[in-house]
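Take a look at the structure below.
The values are calculated or read from the model by the stated rules, or taken from the named source; none is laboratory data. These numbers come from a predicted model, not from an experiment. Heads up, the Cβs are rebuilt from the backbone with ideal geometry, glycines too, and the neighbour counts pull from every protein chain shown. To get the accessible areas, we keep the full protein, side chains included, count just its heavy atoms, and leave off ligands, DNA and RNA. Shrake-Rupley method; radii C 1.70, N 1.55, O 1.52, S 1.80 Å.
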Amino acid sequence: MDSRTSRIRSKLAKVPYQARRSHSAGAWRHQFRVGSRLGSAQVDAFESEHRIELPPAYRKFLVELGGSGAGPFYGLLPLEECRLFTMDRQPPDGTPRGFHHVSHPDALQGDLFLQIVEMGCSDLCLIGVTGPLTGRMLTGNADGFWAPNVSSARDFLFWYERWLDHMRDGKDNKALGLTSPATVATAPWGPRARAR
């Protein structure tokens, strides 16, 4: 087992109990639990069906830690619910790029991105599976309401561990769906609003 997966398993067991941790948008849904690990044969079958290879760090997570559940925003999608997208061309007016599901008639032939995290609405959290962004995590909006953002994390395991570390440290991180305890406490929808 990769030392990173061991560290992540340990952090995932502790972070929910940190008194000053950040608020994670969808924690109520996944409750910091990962789903059952996937067998290599299940992952192979998914790759074969979609004619792709999953990035090694993401595949390692699925096989060694869990196939769904705890993760940024509303959590990791079960592999069978993950969908492939292509990024749209840059519009001539300079507005942000959107994404299309590969089966959509307007989808471009090009680099593929797999939606692996549920963000809600038309927002997407994807991992690159072909092209120069293979293995990198990015967020974007299917309709191009905001520009895609590529994470600086080198691979999925670094990205996932960053989510845990920032949550543990009580940081704000919009790109990971985290709100610091101080921001939650002073927000109009936070604890003070309920006390009134």
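Brief remarks follow.
- Options Leu157, Leu124, Leu138; residue that is under 14 Å from the mean Cα position of the chain (by Cα) and part of a helix (DSSP H, G or I): Leu157
Yes/no matrix, rows are residues, columns are (1) touching a residue at least 24 places away in the same chain (Cβ under 8 Å); (2) within 17 Å of Asn149 (Cβ to Cβ); (3) touching a Leu at 6+ places or on another chain (Cβ under 6 Å):
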site	(1), (2), (3)
Arg83	yes, no, no
Pro92	no, no, no
Ala107	no, no, no
Cys121	no, yes, no
Gly128	yes, yes, no
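- So Arg37, is it touching a helix residue (DSSP H, G or I) at 6+ places or on another chain (Cβ under 9 Å) and at pLDDT 95 or above: yes
- Where Phe46 falls short, out of the listed (1) more than 14 Å from the chain's Cα centre (by Cα); (2) open to solvent by 20 Å² or more (accessible area, probe 1.4 Å): (2)
- Residue within the range 52-61 that is at pLDDT below 95, assigned to a helix (DSSP H, G or I) and either within 14 Å of the chain's Cα centre (by Cα) or surrounded by fewer than 19 Cβ atoms within 10 Å (Cβ to Cβ) (or both) present: no
- Some residue of the range 85-105 being of a type in the set (A, V, I, L, M, F, W, C), in a loop (DSSP other than H, G, I, E, B), within 22 Å of Phe158 (Cα to Cα) and out of contact with any His (no Cβ under 7 Å at 6 or more places or on another chain): no
- In the range 79-100, the residues that are under 24 Å from Tyr160 (Cα atoms) and surrounded by fewer than 15 Cβ atoms within 10 Å (Cβ to Cβ): Glu80, Glu81
- Subset tally (residues that are hydrophobic (A, V, I, L, M, F, W, C), open to solvent by 70 Å² or more (accessible area, probe 1.4 Å) and assigned to a loop (DSSP other than H, G, I, E, B)) for the range 1-38: 2
- If you go through the range 62-84 and keep only what is assigned to a helix (DSSP H, G or I) and hydrophobic (A, V, I, L, M, F, W, C), you end up with Leu62, Val63, Leu79.
- Verdict on Arg168 being without any contact (Cβ under 8 Å) to a residue 24 or more places away in the chain and either touching a Leu at 6+ places or on another chain (Cβ under 9 Å) or closer than 22 Å to Leu12 by Cα (or both): no
- Once the range 115-157 is narrowed to residues that are open to solvent by less than 50 Å² (accessible area, probe 1.4 Å) and of a type in the set (Ser, Thr, Tyr), the residue that is nearest to Ser24 (Cα to Cα) is Thr139.
- Selection of the range 166-183 for residues being in a helix (DSSP H, G or I), under 18 Å from Val117 (Cα atoms) and in contact with a helix residue (DSSP H, G or I) (Cβ under 9 Å, 6 or more places away or on another chain) yields His166, Met167, Leu176.
- Filter result for Glu64 (more than 21 Å from Leu112 (Cβ to Cβ) and at pLDDT 95 or above): yes
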